[in-house]
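Inspection log for the structure reproduced underneath, given as structure tokens.
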Amino acid sequence: MAIVGGGLSGLSIALHLAARGSQVLLLEGAEVGWGASGRNNGQVIPTLSAVEPDAIVKRYSEAGERFVRLIAQSAEFLFRLAEQENIDCEAEQTGWLQPAHSPGRVRLSERRVEAWRRFGSPAELLDRASVTAMVGSSFWHGGMFNPTGGHINPLALTRGLADACRRKGVRIHERTTVTGYRREGDGWRLLTRDGSVKARAMALATNAYTDASVPHLDPRISRSIVPLLSWQMATDPIGEAVRARILPGRQAVSDTRADLRFFRYDARNRLVTGGSVLGIHDAERRVVQHVSKRMAEAFPDMAQLRVTHVWSGRIGITRDRYPHIHRLGPDFWSWVGCNGRGVALAVAFGRELAAAIDGAPASELALPVTDVDPLPFHPVARRIAPFVLAWHKRRDHTN
Ligand SMILES: Cc1cc2nc3c(=O)[nH]c(=O)nc-3n(C[C@H](O)[C@H](O)[C@H](O)COP(=O)(O)OP(=O)(O)OC[C@H]3O[C@@H](n4cnc5c(N)ncnc54)[C@H](O)[C@@H]3O)c2cc1C
């Protein structure tokens with residue numbers, strides 16, 4: 001079996017295939033964790049960003065129901081897997097809070113909690129006083145809390161999964177870019193700049209980075225998303241006195257806005273947060289200014305924070321905001337489009353995709369498999385997507 005891409009998806013597929021007794025080769029063009037998996041905010045969240053459970057079930061019926069349950073259990077699955085594999089990734093299962101930014105969004109939180117609970121999630125509705133006590137600010141109106149969520153150091157988790165894979169016999173080749181592949185006999189031949197390899201089955205786990213180094217690697221996948229740049233940053237460690245007032249329970253927080261406000265502490269007590277800005281000119285300075293101003297609105301105590309690290313990564317956004325799972329050919333699987341929420345999902349998908357590659361029947365898989373849906377006028381869509389997002393952000397003030 002050959003896996004292309006050494007992020008959480010590729011590594012989780014590899015780990016679960018190896019556990020099923022397969023010989024696995026993983027090819028990563030840069031280094032393990034070089035894509036979104038090493039750059040994300042580390043929030044372990046057992047929901048999708050924009051799609052509700054009932055809509056998933058309506059669209060995919062029984063497979064949809066299995067998929068919703070997989071999402072609901074995904075955070076717990078990630079934390080237990082990290083524990084079993086002894087991965088030191090600064091895991092804190094302190095819960096995930098989605099505070100509501102308006103009274104209208106509190107009603108959305110109510111509907112979400114009710115829906116997720118029907119699928120076995122322990123999600124809870126918190127009123128304004130409880131959210132205020134949890135975060136240390138009355139900026140939000142209430143919200144949804146899920147105690148199975150939390151946060152990890154994403155690069156440490158990804159590297160730790162790679163170590164766990166190696167212990168199970170997976171061969172990982174970094175700095176090995178796959179430049180193409182073709183069907184050959186009863187398998188797939190994968191080409192690299194230095195040679196080629198044949199595998200019975202393959203998985204393309206390159207997600208929003210599919211066209212990053214080889215523009216035409218698989219246009220079916222790269223054209224079904226627009227990659228949006230998300231900026232992340234970390235501050236100087238925050239003193240105990242402030243931490244006792246702001247987010248004393250160290251939960252992961254990301255609110256209901258389209259212009260998401262999200263933050264958490266890391267193991268060194270830095271605040272790890274971020275946001276997005278239009279365009280790349282002077283983006284680092286602009287995003288730090290934008291995010292610092294927003295944080296100070298909710299937490300005046302944090303007005304003077306010094307940002308020490310800034311970085312960015314690509315998020316794969318699909319037209320319908322669903323993640324898409326594809327069978328691209330015989331024994332050839334892929335998924336794309338985390339829409340900003342893929343840490344827990346990628347790890348949970350890995351187990352299912354490994355089962356699919358191993359020949360498990362569709363009726364046992366929590367994977368609603370769909371045809372590839374390339375965006376029409378993809379180059380234009382890529383260019384206008386940030387403006388569409390900016391338009392969505394304007395609506396944060398009205399609902
Ligand atoms: C800035 C940012 C913040 C985020 N924050 C969160 C969060 O807090 N919580 C959450 O749930 N989700 C978050 N996400 C989403 C989450 O990080 C992703 O959904 C997840 O990491 C996807 O993992 P992956 O393995 O599918 O893809 P990636 O980690 O992107 O891995 C793809 C890999 O494929 C490799 N590759 C590409 N082309 C080739 C080739 N031709 N040959 C070989 N290798 C190749 C790349 O080098 C890369 O390492 C965030 C994403 C970003 C970008």
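Of note:
- For first residues located in segment 339-364 and within 21 Å of Val24 (Cα to Cα), partners that are assigned to a helix (DSSP H, G or I) and more than 10 Å from the ligand (Cβ to nearest atom) and lie 6+ apart or on another chain with Cβ distances below 6 Å form the pairs Ala348/Leu70; Ala348/Phe77; Gly350/His16; Arg351/His16; Ala354/His16; Ala354/Leu17.
- Count of segment 268-315 residues, restricted to those that are farther than 17 Å from Arg257 by Cα, small (Gly, Ala, Ser) and under 22 Å from the mean Cα position of the chain (by Cα), is 2.
- Filter pass, Arg66 being without any contact (Cβ under 8 Å) to a residue 12 or more places away in the chain and of a type in the set (Lys, Arg): no
- Hits in segment 316-334 (condition: buried (at least 21 other Cβ atoms within 10 Å of the Cβ) and aromatic (Phe, Trp, Tyr)): Trp333
- Options Arg245, Arg193: the member that is on the phi < 0 side of the Ramachandran plot and touching a residue at least 60 places away in the same chain (Cβ under 8 Å): Arg245
- Close pairs from segment 98-110: first part of a loop (DSSP other than H, G, I, E, B), partner surrounded by fewer than 16 Cβ atoms within 10 Å (Cβ to Cβ) and of a type outside the set (Phe, Trp, Tyr), Cβ under 7 Å, at least 6 apart: Ser102/Asn399
- Residues (of a type outside the set (Asp, Glu), in contact (Cβ under 8 Å) with a residue 40 or more places away in the chain, farther than 24 Å from Phe139 by Cβ and in a helix (DSSP H, G or I)) located in segment 275-316: Ala283
- Pick from segment 291-315, criterion of a type outside the set (A, V, I, L, M) and surrounded by 15 or more Cβ atoms within 10 Å (Cβ to Cβ), ranking: nearest to the ligand (Cβ to nearest atom): Gly313
- Scanning segment 317-371 for residues that are within 16 Å of the ligand (Cβ to nearest atom), part of a loop (DSSP other than H, G, I, E, B) and of a type in the set (A, V, I, L, M, F, W, C) yields Cys338, Leu367.
- Condition met for His281 (away from the ligand (no atom under 14 Å from the Cβ), surrounded by 14 or more Cβ atoms within 10 Å (Cβ to Cβ), on the phi < 0 side of the Ramachandran plot and not basic (Lys, Arg)): no
- Residue check, Ala75 near the ligand (Cβ under 8 Å from one of its atoms), within 19 Å of the chain's Cα centre (by Cα) and within 20 Å of Gly160 (Cβ to Cβ): no
- Sole residue being within 29 Å of Asp88 (Cα to Cα) and either in contact with a Cys (Cβ under 6 Å, 6 or more places away or on another chain) or among the polar types (S, T, N, Q) (or both), chosen from Ser230, Ser276: Ser230
- Residue-level check: of (1) touching a Gly at 6+ places or on another chain (Cβ under 6 Å); (2) more than 22 Å from Arg294 (Cβ to Cβ), Arg59 misses just (1).
- Elements of type strands (runs of 3 or more DSSP E) contained in segment 179-226, each with 1 or more residues being of a type in the set (Phe, Trp, Tyr): 187-192
- Filter result for Gly42 (closer than 19 Å to Asp218 by Cα and in contact with a strand residue (DSSP E or B) (Cβ under 8 Å, 6 or more places away or on another chain)): no
- Qualifying residues in segment 4-58 (those that are within 6 Å of the ligand (Cβ to nearest atom) and charged (D, E, K, R)) - the one surrounded by the fewest Cβ atoms within 10 Å (Cβ to Cβ): Arg39
- The set of residues from segment 215-242 being free of Cβ contacts under 8 Å to residues at least 60 places away in the same chain and among the β-branched types (Val, Ile, Thr) is empty.
- Of the listed requirements (1) surrounded by fewer than 17 Cβ atoms within 10 Å (Cβ to Cβ); (2) within 14 Å of the ligand (Cβ to nearest atom), Ala208 misses just one: (1).
The numbers here are math on the coordinates, done by the rules we state, and not lab data. On a predicted model such as this, the values are computed, not experimentally measured, just so you know. Ideal geometry is used to build each Cβ from the backbone, glycine not excepted, and the neighbour counts take in all protein chains shown.
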